[in-house]
Amino acid sequence: MGADDDSLDLVRRCLDGQEAAQRELVRRYTGLCLAIASRILGGADRASVEDAVQDAFYAIFARLGQWQGRNLAAWVGTIAARQAIGVRRRLQRTRAERSGLDATDVAARQADNLADLRDAVDRARARMTPRQQRILDALLEGKPKEQIAREVALSPRMVYYELDAIRRLLKDMIGGDASAE
């Protein structure tokens with residue numbers, strides 16, 4: 001799905017250095033970025049949320065030339081989410097350091113959690129059909145659902161059904177129900 005003409009024009013004008021267009025992009029997407037950062041940062045103070053939004057707009061403008069003409073709001077939201085996750089990680093490290101935890105201990109715990117998550121995904125994958133495995137692989141590669149549908153010769157609606165089944169399976173595995181194997 002391509003972007004509408006308004007988004008294309010706005011991005012083109014931003015890339016041309018037009019300040020009015022840059023202000024318009026910020027005005028148009030500040031609410032979205034604030035909502036995403038607030039959700040990801042949970043109970044963090046307002047300053048941390050605003051830092052995440054500011055980081056997001058720096059990243060957006062730095063990468064604007066890489067935008068591929070698809071849904072601009074989704075692209076902006078993805079960058080905002082990544083920046084908010086980065087702020088959350090920095091806050092967690094700061095809290096850990098203040099509480100006397102060694103940053104390497106925190107990193108080791110995060111690595112253990114990641115290993116547990118990978119194990120859960122592997123267990124879930126063993127229960128998936130080959131088609132579900134192909135869909136999951138394509139999704140993890142960052143392919144859009146419409147492209148996945150073409151590649152696995154399914155309708156987009158069937159891909160959504162399969163993704164729902166994959167999500168439920170992953171939730172069961174990650175949620176601790178894996179012991180019922």
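Bear in mind these aren't lab numbers, they're just calculated from the coordinates by the rules spelled out. As the structure is a computational prediction, the values presented were derived from the model and not from experiment. Here the Cβ is made from the backbone with ideal geometry for all residues, glycine too, and neighbour counts use every protein chain on show.
Using just its DSSP H runs of length 4 or more, each adding -39500 (n - 2.57), the chain gives a mean residue ellipticity at 222 nm of -26500 deg cm²/dmol after division by all residues. With θ taken as phi - 60° and the Karplus curve 6.51 cos²θ - 1.76 cosθ + 1.60 applied, the whole-hertz 3J(HN,Hα) list for the range 52-66 is 5, 5, 5, 4, 4, 5, 4, 5, 4, 5, 5, 9, 4, x, 8 Hz, x standing for glycine and proline.
Hey, could you get me the Stokes-Einstein D for the range 1-101, Kirkwood radius over alpha-carbon pairs, 10 °C and 1.306 mPa s, rounded to whole µm² s⁻¹?
Values: Rh = 14.3 Å.
Value of D from the Cα-based Kirkwood radius: 111 µm²/s.
When the Cα centres of the range 21-63 and the range 139-173 are compared, how far apart do they sit, in Å? Comparing the Cα centres of the range 21-63 and the range 139-173, I get a distance of 29 Å. Along the Cα→Cβ direction, 7 angstrom out, place labels at Val121 and Asp16. What is the inter-label distance in nm? Going from the Val121 label point to the Asp16 one covers 4.3 nm. Listed values for the range 162-168 are Karplus-derived 3J(HN,Hα) couplings in whole Hz (6.51 cos²θ - 1.76 cosθ + 1.60, θ = phi - 60°), namely 5, 5, 5, 5, 5, 4, 4, and x replaces Gly and Pro.
May I ask you to work out the translational diffusion coefficient for the chain at 10 °C, viscosity 1.306 mPa s, via Stokes-Einstein with Rh from the Kirkwood sum over Cα pairs, reported in whole µm²/s?
On the way: Rh = 19.2 Å.
Approximately 83 µm²/s, per Stokes-Einstein.
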